[in-house]
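What follows is one structure encoded as C-alpha cells, with my remarks underneath.
The values are calculated or read from the model by the stated rules, or taken from the named source; none is laboratory data. In this text the structure is predicted, and so the values were computed from the model without any measurement. Because the Cβ atoms are built from the backbone with ideal geometry, glycine has one as well, and the counts that use them run over all protein chains shown.
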Amino acid sequence: MDDDGLPVLEAEWLAELFSTLLDGHNAFTADDVRRVLGREPRDFAEFAWDAAAAGDWQG
C-alpha cells in the first residue's frame, strides 16, 4: 500500500483491520440454505461448472 502512495498510518490501520476481520474469529456457519431450500448446500465450484456446462450463461 505504501508503494501506491497510501500514508503509512492508514496502511498500518488497514492492515490491522483486515488481519482482524479475516483471521477466522468473525466467521460462522449457518444453516440458511438447508432451512430455505430444504437440502444441503452445494459447493459453488460444482454449481458453476454445472451451470456453464448447461449453457446457462451463454448470451
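Looking only at residues of the range 2-47 that are surrounded by 10 or more Cβ atoms within 10 Å (Cβ to Cβ) and either β-branched (Val, Ile, Thr) or in contact with a helix residue (DSSP H, G or I) (Cβ under 6 Å, 6 or more places away or on another chain) (or both), we find that the one that is modelled with the lowest pLDDT is Asp2. Do we find a residue being in a helix (DSSP H, G or I), of a type outside the set (Val, Ile, Thr) and touching a residue at least 12 places away in the same chain (Cβ under 8 Å) anywhere in the range 34-50? No, the range 34-50 contains no residue that is in a helix (DSSP H, G or I), of a type outside the set (Val, Ile, Thr) and touching a residue at least 12 places away in the same chain (Cβ under 8 Å). The requirement of being free of Cβ contacts under 8 Å to residues at least 60 places away in the same chain and in a helix (DSSP H, G or I) is satisfied by Glu12.
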